Amino acid sequence: MAVVIFKAIEKCNSNCIYCEVIKKKQDEIMNYDLLRLIFIRMNEYLLSNPREKITFTWHGGEVCMLGHKYFETALKIQNEYCPETKSRIYHQVQSNLTLLTQPLIDIFLKLGIRQIGSSFEPIHNIRGFGKNRNSELYNRKFLEGVKLLNKNNMTWGIIYVVHKLSLERPLDIFYFLTNLNTRSHPNFNQVKLYGEDKSNLAITGEEFADFLGAIFPIWYKNMDRYPNIQPFSQYVKSVRDKDFSLICESSGVCSYRWIYIGPEGDTSQCGRTGDHNVMDYGNIKDYSFEEIMKNPLRHKLVERQKILPETECRDCRFWGICHGGCPLDAYMTNNKLLSRSPRCEITKVFIEKYFEPVTGMHVDFKPQEYIKEVHYT
């Protein structure tokens, strides 16, 4: 299934301190002609690939700034230009929830959206409105959005970005987030900052592993109560069941799955490569979906999965879990796409220091036995 990270808008009403999109200062909103072309391109692709499906992820910026009429127009365009394939297009939304309204929820439901992905930060002035990041008002608006979702029987999930200030209180943050949302539990991610860190929020892979390690024993004893906290449940599933369906950056099979589309039709590998303007696959105005999916740059990602097991990752017993880590991390830190991500340190430290002692499981997934088969399309 192809996953489209679709950014019709990169503007945002918030000013999160670590957000890379905000730094781009992109004010463009995708016009309806270009929106129409994207659905035409998707329809062409799905007609040519009858077994394929597309997950269309509305991303930003803040997508609710588009307003409900924009989404209503998108639905009309989909119905008009994808009559035979619309059942194979699945919509998702990422939003900070602070601008959510009933008309937006109504059109989300018509698009088949029953859950919204979001983020939350209990530490003040990290996420918030305006120059001073008014987190009190932000949090109040966020909870109003949550109340509206609950009223409409929609669920929501939280990504929590772990940064320098998080390190002092991992259990406080864990309990706060699991109590905030008892129906869907958080996904913990390390803050991603490349280049200058004016706010001093960056953390090392070892620090992130220690943050996770402070929570993991509590989670492991109570995993029935907190069944889907990430990355914990992914690690357990991978090691216990030898099921290596990890998240995108550790999957080893991101080569032909993701497409980023920006407000002016520019395309790239994924949302993060689009944010950093790397891995340019051309403009959707000039290339079909099929051509973008077969862009030669994608072959580099396949090549990476063949080179790393013979070089940097040759004897690594964690290969079957992390597969060399995120290619973008490797490129942004080493200026080399065909290198191991420095964030692999997270996997190594967390498993050796916390996972194996707590669970009693042993990890030994060297590349000789656990190389993913990735083929050119």
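Rg(Cα) of the chain divided by 2.2 N^0.38 Å?
Working: Rg = 20.6 Å, N = 377, 2.2 N^0.38 = 21.0 Å.
Rg over 2.2 N^0.38 Å, computed on Cα atoms: 0.98.
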**Request:** Go from 0 up to the bin containing the longest alpha carbon distance in the stretch 47-146, width 10 Å each, and give me the % of pairs per bin.
**Result:** 14, 41, 26, 13, 5, 0
**Fill in**
Largest fluctuation, ARG41, ARG133, ARG225 only, Gaussian network model of the chain with Cα springs under 10 angstrom, belongs to ARG225
**Request:** Express the relative contact order of the chain as a whole percentage, based on alpha carbon pairs under 8 Å and six or more residues apart in sequence.
**Result:** 16
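Once you have the Cα-Cα distance between LYS294 and GLU80, take 0.36 nm times their residue separation minus that, and quote the gain in nm to one decimal.
On the way: separation 214, 0.36 × 214 = 77.04 nm, distance 2.70 nm.
Gain on extension, LYS294 to GLU80, equals 74.3 nm.
Please list 315-321, 15-21 highest first by mean number of surrounding beta-carbon atoms within 10 Å per residue. Don't skip to the end; give the middle numbers.
Working: 315-321: 20.1, 15-21: 17.7.
Those peptides, ordered most packed to least, come out 315-321, 15-21.
What Kirkwood Rh does the stretch 233-377 have if only Cα atoms enter the pairwise 1/r average? Answer in Å.
Details: mean 1/r = 0.0625 Å⁻¹.
For the stretch 233-377, the Kirkwood estimate is 16.0 Å.
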**Prompt:** Going by average Cβ neighbours within 10 Å, how do the peptides 251-261, 169-179 rank, with the highest at the top?
**Reply:** 251-261, 169-179
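State the volume of the convex hull built on the alpha-carbon positions of the stretch 140-256, expressed per residue in Å³ and rounded to an integer. Walk me through the numbers on the way to the answer.
Working: hull volume 19.1 nm³, N = 117.
Enclosed volume per residue, from the Cα hull, is 163 Å³.
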**Request:** Calculate how many DSSP beta bridges within the stretch 1-108 are antiparallel, expressed in % of all such bridges and rounded to the nearest 5.
**Result:** 10
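None of the figures in this text is laboratory data; all of them are computed from the coordinates on show. Since we're looking at a predicted model, the values are computed, not measured. Backbone-built Cβ (ideal geometry, glycine too); neighbour counts: all protein chains shown.
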